[in-house]
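Trainee: I'd like to ask some things about the structure below.
The values are calculated or read from the model by the stated rules, or taken from the named source; none is laboratory data. Remember, it's a predicted structure, so these values are computed and weren't measured experimentally. Using ideal geometry, Cβ is built from the backbone for each residue, glycine included, and neighbour counts are taken over all protein chains shown. Ligands, DNA and RNA are excluded from the accessible area calculation, which covers all protein heavy atoms including side chains. Shrake-Rupley method; radii C 1.70, N 1.55, O 1.52, S 1.80 Å.
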Amino acid sequence: MSNYHIKHLEEYYQVYRKSVRNPEVFWEEIAEEHFLWRKKWNNVLSWDFSKPEVKWFEGAKLNITENCIDRHLYTRGDKTAIIFEPNDPKEKAEHISYKQLHEKVCKFSNVLKAQGVKKGDRVCIYLPMIPELAISVLACARIGAIHSVVFAGFSSTALATRINDCDCKMVITSDGSYRGAKTIDLKGIVDDALEECPGVETVLVAKRIKSDIKMKEGRDKWLQPLLDKADNVCVPEIMDAEDPLFILYTSGSTGKPKGMVHTTAGYMVYTAYTFKNVFQYKEEDVYWCTADIGWITGHSYIVYGPLANGATTVMFEGVPSYPDYGRFWDIVEKHKINQFYTAPTAIRALAKEGVGHVEAHDLSSLKVLGTVGEPINEEAWHWYDDNIGKKKSPIVDTWWQTETGGIMITPIPFATPTKPTYATLPFPGIQPALMDENGKEIKGNQVDGRLCIKFPWPSMARTIWGNHQRYRDTYFTAFENKYFTGDGALRDEVGYYRITGRVDDVIIVSGHNLGTAPIEDAINEHPAVAESAIVGFPHDVKGNALYGYVILKDTGESRNQDNLRKEINQIITEQIGPIAKLDKIQFTNGLPKTRSGKIMRRILRKIAHKDTSNLGDTSTLLNPEVVQDIMDNAL
Ligand code: WTA
C-alpha cells in the first residue's frame, strides 16, 4: 500500500525514507493505485544524467484527460471541476461540473481534429484566464497534440518567437481580454505576431469581449460555431508514457527562451501526488491558485494536479487590485476557498494596502496558504500568517521551477512545522544536495551551497525543444551527475532548506558571498520600505559594493532621505553585519519586473554599473517605463 496521503511528521519521514531507499517501488505503488492506465509499464525508471536521458513508466499507455476527467464521471460527475470567476465581480461566476467539462473538452477535441490537428502537432494557446484556456489545454492532451501555452501578457514579438521555435501550426486565442479596468486587444497582438510566423495555418478565436475584430479569410475562425457543430464524444488518443504532453517556455538570464518539454505519465503522477499532499486536499474542498495558466504553476496546480484528484479548482480572470485591493479576499469569502496559493509579490502588494480590505471579509474557510515563485521575505510571511491565515493556516512555501514540473521542497501542512522564509523539507522522492564551488557535495547541517538534485523525479523536464545540447549544458554540466537548479540554498540545523535566490544573484563583497534575498529582507523590515532590490557594482577595494533600489511606502509624509539611508544600513548591520551595508541607496517609484513578477536584476545591475548603452531585451517587462526613471535618477 502506498501512503498517498501523508498526515503527520513521522509519516512524512517514513514515506521519505522509503522514497529514497527504493524509489522504483515507491513510485510504482503510487502509480498503480491512483491512476487509470490502458497498459502498465515494463520498467519504472531508467536514467543517465550524463546524456541526460530519463524515462519513467516506460511502456505504459494512458491518456491524461481520462485521468483528469473521464474516471471522475462515475464518482463525481456532478461535482464542480472548475469555478470561473470573471474579471468583473458583477458578472456571474460559472461552475463547470466534471460532466460538463467532459463534454466541453470532447467537443473542443473534435474541433481540433476537424481542423487537421494530429497527435504530436504543436498548438499555441494564447488566451486570457477564461474557461476556454483550461479546456483547450485538455483538448490538446486528449488528442495527443502538444500544447504550448504563452502567457497572454506577452508581446507580439515574444509570442512570435515562441510560435516559431516549436513550429506551431495553430494558434488559439480570443477577440480580446479584460484585465482590471483595461480591455486588451489580444487578437491584434496575434495578428502582429503572425506576420513573422508563416507556419501557422489556423487561428481559432474565442469570443470574450463584444467588439468587431478583423478576421483573416481562410486562416481565422470563430470558435463557437465550430463547437456548436462538434460531436460531444471524443475517444482519447492513447499515449506512451514518455510522449510529450506540453512545451512551456521559460526565460534564461541570457539567450532565447527555453522550451521545456514535459512528458505524460511521470508529470501526471507527480503533479497529482504533490497536489494532494502539499494542499491536503479533501473531497469537498474548494482550491484556488491565483497564478495564470500561462505559467507552470497554472499548468500543474490549476489544471492537471487538481483535476487528477477530482478537485474543485478556481480560475480567476482578473487582477488583485480590481475593483479594489479587497478582490482576493472577496473571492475567498464568496467561494469559501479552503486552499489559497499565491506569490510573494502579490502578498507584498496587498500588504502595502493595509489590513482594511482583509478585515472586511470572512476568511474563516481557509485551511492552507501557499506561496511560490521567489523567496518570501520574513515581513510578508508574517503578514500572510497573521492577517490571512490568522495564525491557524499553515503556510506552504513551495520551492520548484518550470523545469521541475512540480513542487520539490515544501512543508506538508499539519505535518511539517513551518519556519518563516524556509521551504523546509524535500518532498518524497526528491534528493537535494548542496554543492561547493569545486563541485563537491557539502554534507551536514548549517551549511550553504548551490542547490542540486541528485536523483530523477517523475515530473522533471526531459529536454529543451529542439536543443538537447542546451538542456545538457544548462542543467547537467555544472555538477557531474546532478541536476543543477541555478539556485543557492542553505540547510539549517534540523535540515530545513532556505532558498537564498538565484546563484547569479550572489554578490561577492570583500570576499564574502552575499545572497541578495537576506539583505533585501533586512531592508524591507524598515517600516518605511515597501520593496527593495540590491545588485553589485564594481568597487576599487571591495571588488563589489552593494547598490540598493528602494521603494518607500506611500504614507503621505515626507522623510529625510539621508536619515532613511542611515536607518536602512543600521538594520542591515544588525541583521547581517556591516559587510552587507549598501554603498548607494536610490529611492524609486518602481522596479523593473517580468510579467511573472520577478525583479529584472540584469537591468538594475547595468544601471548600477553605469553601463546603459545596451540594456538588452526589455520587451518582456511588465513596466518598461520605470527603467528610464531609474536611469534618470541613478546615483
Ligand atoms: C524561484 C516557478 C524561493 C527560484 C514555480 C526558482 C523560489 C525559480 C520559490 C523558478 C520559493 C520559486 N522560494 N525561490 N518558494 N519558488 N522560486 O520557473 O529561483 O517561474 O529557480 O517556476 O523561482 O521560477 P519558475
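Trainee: Report ³J(HN,Hα) in whole Hz for each residue of the stretch 210-220, in order, from the Karplus equation J = 6.51 cos²θ - 1.76 cosθ + 1.60 where θ = phi - 60°; Gly and Pro get x.
Mentor: 9, 9, 8, 10, 7, 10, 7, 3, x, 9, 9
Trainee: What list of ³J(HN,Hα) couplings, whole Hz, do you get for the stretch 372-380 from phi and the Karplus terms 6.51, -1.76, 1.60, once you set θ to phi - 60° and write x for glycine and proline?
Mentor: Each residue's phi maps through the Karplus curve to give 7, x, 6, x, 8, 6, 4, 4, 5 Hz.
Trainee: In whole angstrom, note down how far apart the Cα centers of the stretch 423-478 and the stretch 147-176 are.
Mentor: 30 Å
Trainee: Given the C-alpha centroids of the stretch 295-374 and the stretch 62-139, what is the distance between them in whole angstrom?
Mentor: Cα centroid of the stretch 295-374 versus Cα centroid of the stretch 62-139: 21 Å apart.
Trainee: Give the Rg (one decimal place) followed by the Dmax (whole number) of the stretch 510-633, computed from C-alpha coordinates and expressed in Å.
Mentor: Looking at the stretch 510-633, its Cα Rg and Dmax stand at 14.3, 41 Å.
Trainee: If one computes the Cα centroid of the stretch 211-231 and of the stretch 563-586, what distance in Å separates the two points?
Mentor: Between the Cα centres of the stretch 211-231 and the stretch 563-586 lies a distance of 59 Å.
Trainee: With charges set only on the Cβ (+1 for Lys and Arg, -1 for Asp and Glu), what does the dipole of the stretch 510-633 come to about its Cα centre, in debye to the nearest 20? Intermediate values should be presented prior to the final figure.
Mentor: Working: 15 positive and 16 negative charges, 72 e Å.
With only Lys, Arg, Asp and Glu charged at Cβ, the dipole is about 340 debye.
Trainee: From the residues His539, Gly444, Tyr422, which one has its Cα farthest along the dipole of the chain in the positive direction, the dipole being from +1 and -1 charges on Cβ of Lys/Arg and Asp/Glu about the Cα centre?
Mentor: Gly444
Trainee: Right, here's the next one. Given the Cα-Cα distance of Ile213 and Lys40 and 0.36 nm per residue of separation, how much length would full extension add, in nm?
Mentor: Details: separation 173, 0.36 × 173 = 62.28 nm, distance 4.87 nm.
Working it through step by step, the gained length comes to 57.4 nm.
Trainee: Still on this model: What does the charge add up to near His357, with Lys and Arg as +1, Asp and Glu as -1, over the other residues with Cβ less than 12 Å from its Cβ? Could you put the intermediate results ahead of the total?
Mentor: On the way: positive: Arg327, Lys352; negative: Asp324, Asp330, Glu333, Glu353, Glu359.
That works out to -3.
Trainee: Another question about this same structure. Measuring from label point to label point, each 7 Å out along Cα→Cβ, what is the Val233 to Glu29 span in nm?
Mentor: 4.0 nm
Trainee: Relative to 2.2 N^0.38 Å, what does the C-alpha radius of gyration of the stretch 327-447 come to as a ratio? Two decimals please.
Mentor: Details: Rg = 16.2 Å, N = 121, 2.2 N^0.38 = 13.6 Å.
Dividing the Cα radius of gyration by 2.2 N^0.38 Å gives 1.19.
Trainee: Quote to one decimal, in nm, the extra length available between Asn633 and Thr594 on full extension: 0.36 nm per residue of separation minus the C-alpha distance between them.
Mentor: Gain on extension, Asn633 to Thr594, equals 11.9 nm.
Trainee: Work out the charge dipole of the stretch 510-633 with +1 on the Cβ of Lys and Arg and -1 on the Cβ of Asp and Glu about the Cα centre, then indicate which of Pro592, Asn563, Leu552 is farthest towards its positive end.
Mentor: Most positive-ward Cα: Pro592.
Trainee: For the stretch 510-633, which whole-number percentage of the solvent-accessible area (1.4 Å probe, protein heavy atoms only) is attributable to carbon and sulfur atoms? Spell out each step's value before the answer.
Mentor: Details: 2670 of 5930 Å².
Within the stretch 510-633, the accessible surface is 45 percent carbon and sulfur.
Trainee: Place a +1 charge on the Cβ of each Lys and Arg in the chain and a -1 charge on the Cβ of each Asp and Glu, then give the dipole magnitude about the Cα centre in debye, rounded to the nearest 20.
Mentor: Working: 76 positive and 83 negative charges, 193 e Å.
Its charge dipole is roughly 920 debye.
Trainee: Tell me which residues come under 5 Å, amide H to amide H, from Ala530 once H is placed; ignore anything under 5 positions away on its chain.
Mentor: Counting only residues 5 or more places away or on other chains, the set is Ile551, Leu552, Lys553.
Trainee: Along the Cα→Cβ direction, 7 angstrom out, place labels at Arg17 and Asn164. What is the inter-label distance in nm?
Mentor: Between Arg17 and Asn164, the label points sit 5.6 nm apart.
Trainee: Given Ile523, Val368, Leu350, which one lies farthest toward the positive end of the charge dipole of the chain, if we put +1 on the Cβ of every Lys and Arg and -1 on the Cβ of every Asp and Glu?
Mentor: Towards the positive end, the residue furthest out is Val368.
Trainee: Here is a follow-up. Based solely on its DSSP helices, what 222 nm [θ] is calculated for the chain when runs of n ≥ 4 H residues each add -39,500 (n - 2.57) and the sum is averaged over all residues, nearest 500 deg cm²/dmol? Intermediate results must be reported in sequence, preceding the final value.
Mentor: Working: 20 runs with 185 residues, N = 635.
Computed mean residue ellipticity for the chain: -8500 deg cm²/dmol.
Trainee: Kindly flag which residue pairs out of Lys99/Lys207; Lys581/Lys610; Lys18/Lys390; Lys207/Lys334 have an alpha-carbon separation exceeding 28 Å in this structure. Intermediate results must be reported in sequence, preceding the final value.
Mentor: Details: Lys99/Lys207 23 Å; Lys581/Lys610 20 Å; Lys18/Lys390 35 Å; Lys207/Lys334 26 Å.
From Lys99/Lys207; Lys581/Lys610; Lys18/Lys390; Lys207/Lys334, over 28 Å: Lys18/Lys390.
Trainee: With a bin width of 10 angstrom, please list the P(r) values of the stretch 257-341 as percents of all Cα-Cα pairs, from the 0 bin to the one holding the largest distance.
Mentor: Bins of 10 Å from zero give 17, 47, 27, 9, 0 percent of pairs.
Trainee: Moving on to the next point. Expressed as a whole percentage, what fraction of the accessible surface of the stretch 194-315 belongs to carbon and sulfur atoms when a 1.4 Å probe is rolled over the protein heavy atoms?
Mentor: The value for the stretch 194-315 is 49 percent carbon and sulfur by accessible area.
Trainee: With every protein chain present, what is the per residue accessible area of the chain (1.4 Å probe, Å²)? Present the calculation step by step, with values, prior to reporting the outcome.
Mentor: Values: 24760 Å² over 635 residues.
On a per-residue basis, the chain sits at 39 Å².
Trainee: Classify the stretch 299-358 from the C-alpha gyration tensor, please: rounded if a/c falls under 1.5, else prolate or oblate depending on whether a/b exceeds b/c. If you can, show how the numbers build up before the last one.
Mentor: Working: a/c = 2.43, a/b = 1.91, b/c = 1.27.
Note, shape of the stretch 299-358 comes out prolate.
Trainee: If you don't mind, another one. Going from the alpha-carbon gyration tensor of the stretch 1-78, what semi-axes, largest first and in whole Å, does one get by taking the root of 5 times each eigenvalue? Don't skip to the end; give the middle numbers.
Mentor: Details: eigenvalues 121, 91, 18 Å².
Listed largest to smallest, the semi-axes of the stretch 1-78 are 25, 21, 10 Å.
Trainee: Show me 431-437, 496-502 ranked by packing, highest mean number of other Cβ atoms within 10 Å first. Can you show the working numbers first?
Mentor: Values: 431-437: 16.6, 496-502: 21.6.
Ranking the peptides 431-437, 496-502 by packing returns 496-502, 431-437.
Trainee: On to the next question. With 44 Å as the cut-off, how large is the P(r) tail for the chain, expressed as percent of Cα-Cα pairs?
Mentor: Counting pairs separated by more than 44 Å, the tail of P(r) holds 17 percent.
Trainee: In whole Hz, what ³J(HN,Hα) sequence does the stretch 302-313 give by Karplus (6.51, -1.76, 1.60; θ = phi - 60°), x for Gly and Pro?
Mentor: Here the 3J(HN,Hα) series is 10, 9, 5, x, x, 5, 4, 9, x, 7, 9, 10 Hz.
Trainee: With a 1.4 Å probe and all protein chains left in place, how much of the accessible area of the stretch 349-450 comes from carbon and sulfur atoms, in whole percent?
Mentor: Numbers: 1750 of 3810 Å².
That fraction is 46 percent.
Trainee: A further question on this structure: Using the structure shown, list the pairs from Lys51/Lys440; Lys118/Lys276; Lys119/Lys221 with a Cα-Cα distance above 26 Å, or answer none.
Mentor: Values: Lys51/Lys440 21 Å; Lys118/Lys276 32 Å; Lys119/Lys221 21 Å.
Violating the 26 Å Cα-Cα cut-off are Lys118/Lys276.
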